[in-house]
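Chemist: Please see the structure below; I have some questions.
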Amino acid sequence: MFLTRMQINPRRRGARLLLSSPQVLHAAVCSGFADATPSGEGRILWRLDNYGPHRVILFVASPDKPDFTHIIEQAGWPTTETWDTKPYDRLLDRLTLGQQWQFRLTANPVHSARREGWTDTKPLGHVTIRQQEQWLLDRTPRLGFQILPRKADNAVDGEVELVITDRGVRRFSRGDGRVTISTATFEGLLEVTDVAALKNSLTFGIGRAKSYGCGLLTLAYPATPDSPQ
């Protein structure tokens, strides 16, 4: 597995096209691989992280190394910036029980329900922050980790190191139809409880809408008082 980081230039016309539709961006990401089908190691997962109006980072986890020349030419800085791909197995092989990591995840929190007039249940997006947070907390045991309790002086019983930093609804075209997905970006502090399950979460993704920028969980070392700012 590999993890790729690439900066998008949102001022460019091609970038605005990619950023406007998860369907279009998914096609562009998959075009960077000779074979985009999932393997026994994992599948292609991607996520856009926004750090302001002029700084957008595309992260891609994949079984094979990508060639994103076409994205750089269309939506990046062709003469000054490319993409950075590193082996993901280095991190995967270091995972052990009890480790603590900072994490980020953009997901599609949904539940199955039946509305009036429907004959079958369908996935419906959770609406409130509380519902979206609970969606993730309910799944952590089988995802291979737990969210750590808050240790701040003003923390109350039951609070955990979990925040939603961004949430929204994306609507875009797919073929002759329209797709609507709700998204939430989670950040927090986790502890590894099942190494194999966490590796599966990292390489095969979490939840639905993986083709549309959801499901990619990334880890980083927890910040400490001595960490550089």
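The values are calculated or read from the model by the stated rules, or taken from the named source; none is laboratory data. Source: prediction; values computed, not measured. In this analysis, Cβ positions are derived from the backbone assuming ideal geometry, glycine residues included, and neighbour counts consider all displayed protein chains.
Chemist: What are the residues in the range 15-24 that are surrounded by fewer than 17 Cβ atoms within 10 Å (Cβ to Cβ) and either among the aromatic types (Phe, Trp, Tyr) or under 17 Å from Arg55 (Cβ atoms) (or both), if any?
Modeler: Selection gives Arg16 alone.
Chemist: Could you tell me whether the range 31-40 includes any residue that is under 25 Å from Ser182 (Cα atoms), of a type outside the set (D, E, K, R) and either assigned by TED's automatic domain parsing to the domain that holds Asp166 or touching a strand residue (DSSP E or B) at 6+ places or on another chain (Cβ under 7 Å) (or both)?
Modeler: no
Chemist: Residue by residue through the range 55-98, note down the ones that are within 21 Å of Lys199 (Cβ to Cβ), surrounded by 13 or more Cβ atoms within 10 Å (Cβ to Cβ) and touching a helix residue (DSSP H, G or I) at 6+ places or on another chain (Cβ under 9 Å).
Modeler: Val60, Ala61, Ser62, Pro63, Pro66, Tyr88, Leu91, Leu92, Leu95, listed by residue number.
Chemist: Any idea how many residues of the range 147-204 are touching a residue at least 24 places away in the same chain (Cβ under 8 Å) and charged (D, E, K, R)?
Modeler: Total meeting the criteria: 9.
Chemist: Return the residue satisfying two criteria in turn: it lies in the range 29-54 and is of a type outside the set (D, E, K, R) and buried (at least 20 other Cβ atoms within 10 Å of the Cβ), and of such residues it is farthest from Leu217 (Cα to Cα).
Modeler: Here the answer is Gly32.
Chemist: Find the strands (runs of 3 or more DSSP E) located wholly in the range 136-209 whose residues include 3 or more that are of a type in the set (Lys, Arg), in contact with a strand residue (DSSP E or B) (Cβ under 6 Å, 6 or more places away or on another chain) and assigned by TED's automatic domain parsing to the domain that holds Pro109, and list them.
Modeler: 162-174
Chemist: With respect to Ser201, determine if the residue is small (Gly, Ala, Ser), in contact with a helix residue (DSSP H, G or I) (Cβ under 7 Å, 6 or more places away or on another chain), modelled with pLDDT of 95 or more and closer than 29 Å to Pro63 by Cβ.
Modeler: yes
Chemist: Moving on. Which ones in the range 146-191 are over 30 Å from Arg94 (Cβ atoms), surrounded by 13 or more Cβ atoms within 10 Å (Cβ to Cβ) and not basic (Lys, Arg)?
Modeler: Phe172, Val179, Ile181, Ser182
Chemist: Also: Just wondering, is there one or more residues in the range 80-96 that are closer than 30 Å to Glu133 by Cβ, β-branched (Val, Ile, Thr) and touching a Ser or Thr at 6+ places or on another chain (Cβ under 6 Å)?
Modeler: No - not one qualifying residue is present in the range 80-96.
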